[in-house]
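Written below as structure tokens is the structure these notes are about.
The values are calculated or read from the model by the stated rules, or taken from the named source; none is laboratory data. Worth saying up front: this structure is predicted, and the values here are computed from it rather than measured. Methodologically, a virtual Cβ is constructed for each residue, glycine included, from the backbone with ideal geometry; neighbour enumeration extends over all protein chains shown. Surface areas here come from the heavy atoms of the whole protein model, side chains and all, with no ligands, DNA or RNA. Shrake-Rupley method; radii C 1.70, N 1.55, O 1.52, S 1.80 Å.
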Amino acid sequence: MTAPAPVPPAPAPPRVLVVDDDPTVAEVVTGYLVRAGYVVDRAADGRAALARAAAFRPDLVVLDLMLPEVDGLEVCRRLRAAGSATAVLMLTAKGEEAERIAGLELGADDYVTKPFSPRELVLRVGAVLRRRTAVPAAGAPEPLTAGDLELDQQARRAFRSGRELALTQREFDLLAFFVGHPGTAFGREELMSRVWGWDFGDLATVTVHVRRLREKVEDDPAAPRLIRTVWGVGYRFDPAGEVAR
């Protein structure tokens, strides 16, 4: 008689580190996340957050930007400088657009603006983690090429004339989308939705990422040949590289 196949162990629940110096906010967020099935740890300042991130090894950090000791932007910067792949969901105050953009540029995955619904935050945590762990379609994705650009989608590496480009995760996703859809103009809202899966957010985020991408792929970012502005619409990728007018 054939022995039954062993049942694979259930996957461990995701680990979330909540970083907020307001004990009430931290307690409420922690309670909602625990009820949603997450394993949660907490830190009340930036220095403690870095120590707990190293010891707890979270899958995601809920990170308030206004922190004592070390602020949230610096925490995010240090996590990324250390090569951490931990997802980061920022908590920002209303009107702090510059801080949100700075956080996204440093590699944060998403943000929630205070005051927020704890249920919304739990949903956003789940959405970020799903994007991070999404299983690609069967078969290795094909490399993408356009002129002297080459993108290895499986390894998530981009090259220009054989030189590797230092791209953030979002920059790579945006460039891959552009290269995969040459000659088509996309609005900023559509890019936010189709590239990063965001249904809402600051449209300035797209503008900032386009600017940073141009700095890395264009000969002259002030006169872009590849990623062109389509006035009144958004942006278009032109693989022919004609000078934008």
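General remarks:
- For region 159-180, the set of residues classified as surrounded by fewer than 16 Cβ atoms within 10 Å (Cβ to Cβ) and of a type in the set (A, V, I, L, M) consists of 166 only.
- Filtered residues of region 181-210 (kept if in a helix (DSSP H, G or I) and open to solvent by 40 Å² or more (accessible area, probe 1.4 Å)): 188, 189, 190, 193, 194, 207
- Listed conditions (1) modelled with pLDDT under 85; (2) open to solvent by 80 Å² or more (accessible area, probe 1.4 Å); (3) farther than 14 Å from residue 14 by Cβ; (4) touching a helix residue (DSSP H, G or I) at 6+ places or on another chain (Cβ under 9 Å) are all met by residue 108, apart from (2).
- Pair list, Cβ under 7 Å, 6 or more apart: region 49-75 residue within 12 Å of residue 86 (Cα to Cα), other residue crowded, with 19+ Cβ neighbours inside 10 Å and of a type in the set (Ser, Thr, Tyr): 53/86; 58/86; 59/86; 60/86; 61/86
This table checks each residue for (1) modelled with pLDDT of 85 or more; (2) open to solvent by 60 Å² or more (accessible area, probe 1.4 Å).
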| site | (1), (2) |
| --- | --- |
| 54 | yes, yes |
| 61 | yes, no |
| 82 | no, yes |
| 94 | no, yes |
| 98 | no, yes |
| 120 | yes, yes |
| 141 | no, no |
| 157 | yes, yes |
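- Given (1) open to solvent by less than 60 Å² (accessible area, probe 1.4 Å); (2) more than 23 Å from residue 54 (Cβ to Cβ), number of the condition residue 115 does not satisfy: (1)
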